[in-house]
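The values are calculated or read from the model by the stated rules, or taken from the named source; none is laboratory data. This is a predicted model, so every value here is computed, not measured. Note that we place each Cβ from the backbone using ideal geometry, even for glycine, and neighbour counts take in every protein chain shown. Heavy atoms of the whole protein, side chains included, go into the accessibility calculation; ligands, DNA and RNA do not. Shrake-Rupley method; radii C 1.70, N 1.55, O 1.52, S 1.80 Å.
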Amino acid sequence: MLTVNTRIQQEIAEAFENGLRLRYGEALGALYSEVLRYRAGNFLEVDELRANLDTEAVPVLRAILTNKVESSTLSGIRSLMIGCAIAGDQEAVIRWATEELNRARQFGGEWADTVPQWEAVLRNPGDFVLFARQLKYFLMAI
Amino acid sequence: MEPRRVLVIDDEAIFTNLVKLNLEKTGRFTVREVNNPLEALAAAREFRPQVVLLDVIMPGRDGGQVLAELRAHEFTYLPAIFVTATMTQRGLQQRDDQIDGVPFIAKPVEPKKLIKRIEEVLGYS
């Protein structure tokens, strides 16, 4: 979990989130905002991040294989997609974003509202990966 | 020995091509590629596979649904190996290359490891 230690860090993160939504639109800005809060202890240490992603992938793959995809699975896929972006794994980002897009359409309701997010990622996954990594580097620097 | 029939289901043609190339050059396998999961059952009925290798996440129908469809028909006991690009080799190895007893292999797939895995699920080494 990304720990926001101080009130100032919290305020910076919130300002970032608002700015990202203004700059990149609601759909993509909302996803970038979640990158800031992605819960991985040491988010730019690749081995550790990959190990976390492997662990997180297991319940998601299990749910898909047993056809028991629930709202928590979609949250898991979302988290995995963001984590893979931070890890620089564009292929996995495309896979997860495609899966999330299809499932969000099937689920409907609030999940259907997230469809534009996944469409935005799939239009240019390379940019999403690059920007996600830059956001994390920047946040680490401050 | 007759070559073993392996059905490979993945929307990425480059992956199924490589699997076919690597397995068939051993002379021990014959491979049928399916790049549209909706065509899996028809292909299986024609090819009569002895083992199926399939991706988990595919557009239209995921690997779990495809296998369920095959097993609901005349392929009830067809052994399966799932392929995933969403976990690392290392992550799967730490879980004995399986999730809940289901054999898994991570992309990119090493041909030797794939052959070993197929032979394991076919019950010989």
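Per residue of A:56-65, other chain Cβ atoms within 10 Å of the residue Cβ number 6 on average. Here's the list of lysines a cross-link from B:Lys20 could span, going by alpha-carbon distance under 19 Å and ignoring same-chain residues fewer than 8 apart: B:Lys107, B:Lys112, B:Lys113, B:Lys116.
In the distance distribution for chain B, Cα-Cα pairs more than 26 Å apart total 12 percent. Between B:Arg4 and B:Phe29, B:Thr30, the built amide H atoms are under 5 Å apart, and every one of these is 5 or more places off in sequence or on another chain.
Think of region A:1-110 as a dipole: +1 on every Lys or Arg Cβ, -1 on every Asp or Glu Cβ, centred on the Cα centre; then among A:Thr66, A:Tyr32, A:Ala85, A:Thr66 lies furthest on the positive end. Between the amide H of B:Phe104 and those of B:Phe82, B:Gln98, B:Ile99, distances stay under 5 Å, these residues lying 5 or more places away or on another chain, with hydrogens modeled in the peptide plane. Overall, region A:45-134 carries a charge dipole of about 280 debye about its Cα centre when +1 sits on the Cβ of Lys and Arg and -1 on the Cβ of Asp and Glu, all other atoms neutral.
Out of every Cα-Cα pair in region A:9-127, what percent are more than 23 Å apart? Walk me through the numbers before you get to the answer.
Numbers: 2078 of 7021 pairs.
Here the tail beyond 23 Å accounts for 30 percent of pairs.
Using only side-chain charges placed at the Cβ, +1 for Lys and Arg and -1 for Asp and Glu, the dipole size of the protein assembly as shown relative to its Cα centre rounds to 480 debye.
The value of relative contact order for region A:23-142, using C-alpha pairs under 8 Å at least six residues apart, is 31 percent.
Compute, for chain B, the length of the dipole vector about the Cα centre, with Cβ point charges of +1 (Lys, Arg) and -1 (Asp, Glu) only. Units Debye, rounded to 20.
Values: 17 positive and 18 negative charges, 80 e Å.
Dipole about the Cα centre, nearest 20: 380 debye.
Note that region A:82-96 has calculated 3J(HN,Hα) couplings of 5, x, 5, 5, 5, 6, x, 9, 5, 4, 5, 4, 5, 4, 5 Hz, one per residue in order, obtained from phi through the Karplus relation 6.51 cos²θ - 1.76 cosθ + 1.60 (θ = phi - 60°); glycine and proline are x.
Could you give the semi-axes, largest first, of the ellipsoid that matches the protein assembly as shown, computed as the square roots of 5 times the alpha carbon gyration tensor eigenvalues and rounded to whole Å?
Details: eigenvalues 290, 73, 45 Å².
Values for the protein assembly as shown, descending: 38, 19, 15 Å.
Surface composition of the protein assembly as shown: carbon and sulfur make up 52 percent of the accessible area, probe 1.4 Å.
Max-minus-min Cα coordinates of region B:69-122 on each principal axis give 35, 20, 17 Å, with the largest extent listed first. Backbone geometry of region B:4-16 corresponds, through the Karplus equation with coefficients 6.51, -1.76 and 1.60 at θ = phi - 60°, to 3J(HN,Hα) couplings of 7, 8, 10, 9, 10, 10, 7, 6, 8, 4, 5, 6, 5 Hz, x marking Gly and Pro.
Mean sequence separation of contacting Cα pairs (under 8 Å, at least six apart), scaled by the length of chain B, corresponds to a relative contact order of 22 percent.
Over the residues of the protein assembly as shown, the helix contribution to mean residue ellipticity at 222 nm works out to -19500 deg cm²/dmol, using -39500 (n - 2.57) for each DSSP H run of at least 4.
Give me a single rounded figure for B:87-94: the average over its residues of other chain Cβ atoms within 10 Å of their Cβ. If you average over the peptide's residues, the count of other-chain Cβ atoms is 5. If R0 is taken as 35 Å, the Cβ-Cβ distance between B:Tyr77 and A:Arg123 corresponds to a FRET efficiency of 0.20. Here the Karplus curve 6.51 cos²θ - 1.76 cosθ + 1.60, taken at θ = phi - 60°, turns the phi angles of region A:27-34 into couplings of 5, 6, x, 5, 5, 4, 4, 5 Hz, with x standing for Gly and Pro.
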